[in-house]
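**Q** Submitted below is the structure of interest, expressed as structure tokens.
The values are calculated or read from the model by the stated rules, or taken from the named source; none is laboratory data. None of the values given here were measured: they were computed from a predicted structure. A quick note on method: Cβ atoms are made from the backbone with ideal geometry, for glycine too, and the neighbour counts reach across all protein chains shown. Side chains included, ligands, DNA and RNA excluded: accessible areas come from the protein's heavy atoms. Shrake-Rupley method; radii C 1.70, N 1.55, O 1.52, S 1.80 Å.
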Amino acid sequence: MSKLQLAKRALPSKEGTLFKDVLTLYETRQLKKGLKTADQILKKFPEHGETMCMKGLILVHMGRREEGMDLVKKGVRLDLTSHICWHVFGLIQKGEKNYEEALKSYMQALRFDKENMNILRDAASLQSQLRLYDGLVETRHTLARCRPVLRANWIALSVAYHLNGNLEEAKKVLEHYEDSLKNVPDYDVEHSETTMYHVKVLEDIGDYAEALAFLDVNSKSRVIVDKTGVMETRARLLSKLKSDEAEHAWRVLIDHNPDCTDYYNGYLTSQNISSDDAALLVLKEISSQIPRANAPRRLALAYSSGDQFRELAKEYLTSALVKGVPSLFADIKSLYENQARLESIQSILEQLLAEHTPASSSPTEPTTYLWILYFQAQHFSHLSQYDKALEVLERAITHTPTLPELYTCKGRVLKRAGDPYGAARALEEARRLDGQDRFLNTKCAKYHLRAGLINEAYHFFGLFTKKDAASPSADLEDMQSLLYLIEDADAQRRLGKLNLALKKYAVINKVFDEIEDDQYDFHGYSMRKFTVNIYLNLLTWEDNLRSHPVYVKAALSASQIFVALHDDPSIVKRFTSSEPLTSAEKKAQKKAKKAAHKKEEDKKPAAPTSTNEDKGLEIPNADDDPDGLKLLGCSDPLERAAKFLHPLTTLASKNIDVWIAVYDVAIRRKKYLQAVRALAHARELDADYPELHVRLAHLRKTVTSLPQVPPAPIGEVFTSTVSALLPDEVTLETFNSQYLQRHSSSPLAIFAAARVLKTLDGPLEEVDNTIFSTLGPDVKLTLKSARTMLDYLVQLGSLRVEEYRTSCDQRFPLATVFKTAEEQASLMKETVEMPIASPKDEVEI
Amino acid sequence: MNIRLARIDDLTGMQATNLINLPENYNLKFWMYHLLTWPQISFVAEDEKGRIVGYVLAKMYDTDDGAEPSETHGHVNSISVLRTYRRLGIAKRLMLLSQEAMSTVYKATFVSLHVRKSNKAAIGLYRDTLGFEVAKVEKKYYGDGEDALSMRLRLDH
């Protein structure tokens, strides 16, 4: 460092003291005073970088972010070798969640103050967050070396080695650490957890015997206080060692918690049971020892067949039905995959009905009859016999009109049968029977979203959301309700409100950003608490976070919308046209304006006489696009889609829709290699997938219209991949008709072929006919695919829309989704205006 | 249906179940904080497909919170079972597992919880099935102004 630089940093004693004051004032968040003091220094030394940085930091805390940030940057430039300046810079970048840049700043700071504990600790958290484990090991090493007295520093070092894949070093550090311990108090939970971590390290190394020995020693000496943890680890290790003792270890666990099916699975596996009969014997034995346990009785059903199954199933069903267990059907549903078992249960059901119907000779519990009916309704629904299910439910409701479960079941049946309005009405009836129950409220609101009755849904949600929240939606967003967000987004999308749909999908993305961020504090915290094993699980879980089904759905739907926007930019104009707003929309707009105005007020720079209010370093959540219109009109829809999809290529790589979506985006971005590789992935998963078929045709068309082959090094790989996907000599017409022939009974395949026909400029009549073939006797037309087909005919402007619609309406008599627009509008109205039954009236059936 | 110790990958499911059932909700970091501080005492019930149908979220109060060393106690912050999975005794099993862990791992002398004064079913479970006693009434404890019963159960080791 030059003499000049040193000279510029050094302050005379008066200002030097003032600077120390600034640091203290900042630490105690006396922001006004700190600002004043900093200004005092700057008056005399306007180019003192460190003071400038501290002033900037204080300004950010006071909410004057831009001003503060500018000042900090200036300060850094004026004193590039000051660890204080870089530290401040890093702090602010960290507050903005700009972790990569923050780490760079911290690394710079460390160059000029190698053993600054604060900076080192923050750097360690950043390295953990960014998964830069090489750096983490170094940082943790320095921390342990500088402050060996702090036990957490050693654990953290061991963990760093572990994360960096160096298990042997991790083990060594732990051994060294344990040797150094003095006066460990009895029953010390922290030491217990540390020891359990040590066991895990040994297990991860693969030294199961050593791990077990270490576990046993420390369990006997009562160092490890987590008895259940010990038992579970023992059983697991013994199983890995294929030891004879494993059986007993699992049995001990079953006795401890007979409701844990994992223990039974461990128990059965440890005995090398080869036949179902043997397993059955074991389960029966346990059942007799622990008669109240449900798990072995339920597991036994999966291992039995024929008469034995009948006997066990009858007993299992009867006891649950007499008790009145609502989840019984959900519990045994998986057994239906086996046709023989299905038939057994069906006949048991009929038997039970005969035995328990009130009109029969034997007196019986009225509720048992009710629960049998409830079960039977679900049984019929599962088999898609919706009219039978509804008939059974009507009988049940006549018997007991006040049981909400009957109405929720009815709603589910109507939903599956294609009547979302009837379903919503049923759920409203259920909800009314117990207004205090949020479960019923949530389901009711969800069903209204499914029926496109968004405002009604909000009203229901609002009965349980915080009264001081801006709106029910705002509260549910705040509480990170993924269920609400995805249902609302999908509902908006179905209604064509693409702006609002995109907005909600973006909020979902933001929630996952928040969750990813949440782990940050635990990098330091878990070391101080010594809860290492669960911390490691946290990291693994976070690494796989975006495999969450809601994220996948949101990413796929949003990217479809973004692609549509790219293909047809005129869509945006539809949303910015001056259409008259509904009263609900006007209300929403007014509220949004109010909220935006309030935010502006909050943003105004603090008056000189403002308070010491510390706004922290995080960027406040300002929503500048409440209607999602900005998002809809964004200039980079494909890039946004690509970003949204990117994590799925590793975390959801077995999901074929992911690869289709990746293709759609990549091909439009002219990333040809990425595009064909995506289709290659898709092909590996399911070569006959209808959406893949459509994309292969799209690929061929794109390739033939390319002015030139993509240049090297892409060119060769690209061309060969294309040929592998769809041989060059096969014409698209042939390709398509062959596909249609191969899959003539699959409605979605026919749909795909029809779309390809359209892109080949096939005559509208031919496309129509292809779609109409889905009504044929050999085609397994489902309600969902029928709707897709109908929507497509409408989109095409086909002259035969009415014909298709009425055919579907007849084919699916319970469905309302094939009714005319007028009929549906009146059904919606009926649902919205559902009369409230007065207490004196009978509940309408 | 499976009842076992809560894991990190259960957190979003626990949060979702809580949002479906109860008006007292928390952001995910709150749930994380509990598991990462006291990983041995929260439990879940899951269905065949691995969906969370019930949970108990527990914490410990110890000397850090100003309690006397002999008064280390556990506290049930939140417990709920989906309506569709009632009548199976899940809540009872979750409570028993949690209480036992509090006692074994942390040597808790008692466990406490809050319950709505009007929640007969829950009070029945705590008082009659599990043996809790009412310690005091906390007026207007809940967000909607309802009173809470503060209940306690002494634990033996």
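**Q** Scan A:D262, A:D276, A:D255 and give me the residue that is open to solvent by 30 Å² or more (accessible area, probe 1.4 Å), farther than 23 Å from B:I41 by Cα and among the charged types (D, E, K, R).
**A** A:D276
**Q** If you check A:I290 against the conditions, is it within 14 Å of another protein chain (Cβ to nearest Cβ) and hydrophobic (A, V, I, L, M, F, W, C)?
**A** Spelling it out, A:I290 is indeed within 14 Å of another protein chain (Cβ to nearest Cβ) and hydrophobic (A, V, I, L, M, F, W, C).
**Q** Could you say which residue among B:G50, B:G13, B:G54, B:G74 is under 30 Å from A:N441 (Cβ atoms), more than 7 Å from every other protein chain (Cβ to nearest Cβ) and in a strand (DSSP E or B)? Reasoning before the result, please.
**A** Details: B:G50 fails: in a strand (DSSP E or B); B:G13 fails: in a strand (DSSP E or B); B:G74 fails: under 30 Å from A:N441 (Cβ atoms).
Being under 30 Å from A:N441 (Cβ atoms), more than 7 Å from every other protein chain (Cβ to nearest Cβ) and in a strand (DSSP E or B) holds for just one of B:G50, B:G13, B:G54, B:G74, which is B:G54.
**Q** Out of (1) within 30 Å of B:T104 (Cβ to Cβ); (2) part of a helix (DSSP H, G or I), what's the single condition that is false for A:L281?
**A** (1)
**Q** So which residues in segment A:287-318 are more than 37 Å from the chain's Cα centre (by Cα), open to solvent by 30 Å² or more (accessible area, probe 1.4 Å) and over 16 Å from A:D259 (Cα atoms)?
**A** A:S305, A:G306, A:D307, A:Q308, A:R310, A:E311, A:L312, A:K314, A:E315, A:T318 - these are the residues of segment A:287-318 that are more than 37 Å from the chain's Cα centre (by Cα), open to solvent by 30 Å² or more (accessible area, probe 1.4 Å) and over 16 Å from A:D259 (Cα atoms).
**Q** Can you find, within segment A:549-575, the residue that is least open to solvent (accessible area, probe 1.4 Å) among those that are closer than 14 Å to A:I660 by Cα and within 10 Å of the chain's Cα centre (by Cα)?
**A** Residue satisfying both the conditions and the ranking: A:V552.
**Q** If A:I273 satisfies every condition in (1) part of a helix (DSSP H, G or I); (2) away from chain B (no Cβ under 14 Å); (3) hydrophobic (A, V, I, L, M, F, W, C) but one, which is the exception?
**A** That leaves (1) as the condition not met.
**Q** In segment A:455-484, what count of residues is obtained for those that are part of a loop (DSSP other than H, G, I, E, B), in contact (Cβ under 8 Å) with a residue 12 or more places away in the chain and more than 9 Å from chain B (Cβ to nearest Cβ)?
**A** 3
Per-residue answers, yes or no, for (1) touching a strand residue (DSSP E or B) at 6+ places or on another chain (Cβ under 7 Å); (2) of a type in the set (S, T, Y); (3) not in a loop (DSSP other than H, G, I, E, B):
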| site | (1), (2), (3) |
| --- | --- |
| A:L696 | no, no, yes |
| A:A712 | no, no, no |
| A:T719 | no, yes, yes |
| A:S723 | no, yes, yes |
| A:S737 | no, yes, yes |
| A:V756 | no, no, yes |
| A:V767 | no, no, yes |
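**Q** Then there is this: Do we have any residue at all in segment A:616-632 that's open to solvent by less than 60 Å² (accessible area, probe 1.4 Å), modelled with pLDDT under 95 and either touching a Pro at 6+ places or on another chain (Cβ under 6 Å) or among the charged types (D, E, K, R) (or both)?
**A** Checked segment A:616-632: at least one residue is open to solvent by less than 60 Å² (accessible area, probe 1.4 Å), modelled with pLDDT under 95 and either touching a Pro at 6+ places or on another chain (Cβ under 6 Å) or among the charged types (D, E, K, R) (or both).
**Q** Turning to a different aspect of this structure: Would you point out the residue of segment B:122-157, among those that are assigned to a strand (DSSP E or B) and of a type in the set (D, E, K, R), that is nearest to B:M102 (Cα to Cα)?
**A** B:R154
**Q** Filter segment A:635-663 down to residues that are out of contact with any His (no Cβ under 6 Å at 6 or more places or on another chain), open to solvent by less than 20 Å² (accessible area, probe 1.4 Å) and not β-branched (V, I, T) and give me whichever is nearest to A:N499 (Cα to Cα).
**A** Among residues in segment A:635-663 that are out of contact with any His (no Cβ under 6 Å at 6 or more places or on another chain), open to solvent by less than 20 Å² (accessible area, probe 1.4 Å) and not β-branched (V, I, T), the one nearest to A:N499 (Cα to Cα) is A:A641.
**Q** Here's a check for you: in segment B:78-93, which residue that is more than 7 Å from chain A (Cβ to nearest Cβ) and within 17 Å of A:A330 (Cβ to Cβ) is most open to solvent (accessible area, probe 1.4 Å)?
**A** If we take residues in segment B:78-93 being more than 7 Å from chain A (Cβ to nearest Cβ) and within 17 Å of A:A330 (Cβ to Cβ), then B:G89 is most open to solvent (accessible area, probe 1.4 Å).
**Q** Here is a further query. Go through segment A:386-417 residue by residue and tally those that are of a type in the set (S, T, Y) and surrounded by 20 or more Cβ atoms within 10 Å (Cβ to Cβ).
**A** Count: 3.
**Q** Restricting to segment B:1-10, what's the tally of residues that are farther than 17 Å from B:R83 by Cα and facing chain A (nearest Cβ under 8 Å)? Spell out how you get there, then give the answer.
**A** To start, the set of residues in segment B:1-10 that are farther than 17 Å from B:R83 by Cα comprises B:4-10.
Right, trim to facing chain A (nearest Cβ under 8 Å) and you get B:4-5, B:7-9.
Number satisfying all stated conditions: 5.
**Q** What pairs come up if the first residue lies in segment A:107-122 and is of a type in the set (V, I, T), the second is assigned to a helix (DSSP H, G or I), and their beta carbons are under 8 Å apart, counting only those six or more places apart or on different chains?
**A** A:I119/A:H83; A:I119/A:H87; A:I119/A:G90; A:I119/A:Y106; A:I119/A:A109; A:I119/A:L110
**Q** So which pairs qualify, if the first residue must be in segment A:757-783 and open to solvent by 70 Å² or more (accessible area, probe 1.4 Å), the second must be not hydroxyl-bearing (S, T, Y) and not in a loop (DSSP other than H, G, I, E, B), the Cβ gap must be under 6 Å, and the two must be at least 6 apart or on different chains?
**A** Correct list of pairs: A:K758/A:V767.
**Q** Considering only residues that are closer than 22 Å to A:G496 by Cα and among the β-branched types (V, I, T), look in segment A:783-831 and name the one that is modelled with the lowest pLDDT.
**A** The extreme case among them is A:T831.
**Q** Provide a single number: the residues in segment A:668-702 that are of a type in the set (A, V, I, L, M, F, W, C), over 27 Å from the mean Cα position of the chain (by Cα) and crowded, with 18+ Cβ neighbours inside 10 Å.
**A** Residues meeting the conditions: 5.
**Q** Return the only residue of B:A108, B:A101, B:A91, B:A135 being among the aliphatic types (A, V, I, L, M) and under 21 Å from B:I20 (Cα atoms).
**A** Working: B:A108 fails: under 21 Å from B:I20 (Cα atoms); B:A101 fails: under 21 Å from B:I20 (Cα atoms); B:A135 fails: under 21 Å from B:I20 (Cα atoms).
Matching residue, one of B:A108, B:A101, B:A91, B:A135: B:A91.
**Q** Check segment A:700-721 and report whether any residue there is among the acidic types (D, E), out of contact with any Lys or Arg (no Cβ under 6 Å at 6 or more places or on another chain) and over 30 Å from A:Q385 (Cα atoms).
**A** Looking for residues that are among the acidic types (D, E), out of contact with any Lys or Arg (no Cβ under 6 Å at 6 or more places or on another chain) and over 30 Å from A:Q385 (Cα atoms), one finds at least one in segment A:700-721, hence yes.
**Q** A follow-up question, please. If you take the residues of segment A:293-347 that are in contact (Cβ under 8 Å) with a residue 24 or more places away in the chain, among the hydrophobic types (A, V, I, L, M, F, W, C) and over 17 Å from A:I372 (Cα atoms), which of them is nearest to the other protein chains (Cβ to nearest Cβ)?
**A** Within segment A:293-347, the match that is nearest to the other protein chains (Cβ to nearest Cβ) is A:A295.
**Q** I would also like to ask the following. One residue is enough: does segment A:234-247 have a residue meeting the conditions within 14 Å of chain B (Cβ to nearest Cβ) and either open to solvent by 70 Å² or more (accessible area, probe 1.4 Å) or among the aliphatic types (A, V, I, L, M) (or both)?
**A** Within segment A:234-247, one or more residues are within 14 Å of chain B (Cβ to nearest Cβ) and either open to solvent by 70 Å² or more (accessible area, probe 1.4 Å) or among the aliphatic types (A, V, I, L, M) (or both).
**Q** Of the residues that sit in segment A:798-821 and are closer than 17 Å to A:L775 by Cα and among the β-branched types (V, I, T), which one is most open to solvent (accessible area, probe 1.4 Å)?
**A** Within segment A:798-821, the match that is most open to solvent (accessible area, probe 1.4 Å) is A:T806.
Yes or no, residue by residue, for (1) more than 10 Å from chain A (Cβ to nearest Cβ); (2) more than 14 Å from the chain's Cα centre (by Cα); (3) not aliphatic (A, V, I, L, M):
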site: B:S98; (1), (2), (3): yes, no, yes
site: B:T109; (1), (2), (3): yes, yes, yes
site: B:K120; (1), (2), (3): yes, yes, yes
site: B:Y126; (1), (2), (3): yes, no, yes
site: B:E133; (1), (2), (3): yes, yes, yes
site: B:M151; (1), (2), (3): yes, no, no
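**Q** Out of segment A:417-454, which residues are more than 14 Å from chain B (Cβ to nearest Cβ) and outside any helix (DSSP H, G or I)?
**A** If the condition is that a residue be more than 14 Å from chain B (Cβ to nearest Cβ) and outside any helix (DSSP H, G or I), then A:A417, A:G418, A:D419, A:A451, A:G452, A:L453 are the ones that fit.
Table: residues versus (1) surrounded by 23 or more Cβ atoms within 10 Å (Cβ to Cβ); (2) within 25 Å of A:R147 (Cβ to Cβ); (3) more than 9 Å from chain B (Cβ to nearest Cβ).
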position	(1), (2), (3)
A:G496	no, no, yes
A:D513	no, no, yes
A:H523	no, yes, yes
A:N537	no, no, no
A:W541	no, no, no
A:S547	no, no, yes
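**Q** Continuing with this model, one more query. Could you pull out the residue among A:E429, A:E477 that is open to solvent by 20 Å² or more (accessible area, probe 1.4 Å) and within 30 Å of A:K388 (Cα to Cα)?
**A** Every option except A:E429 fails the conditions.
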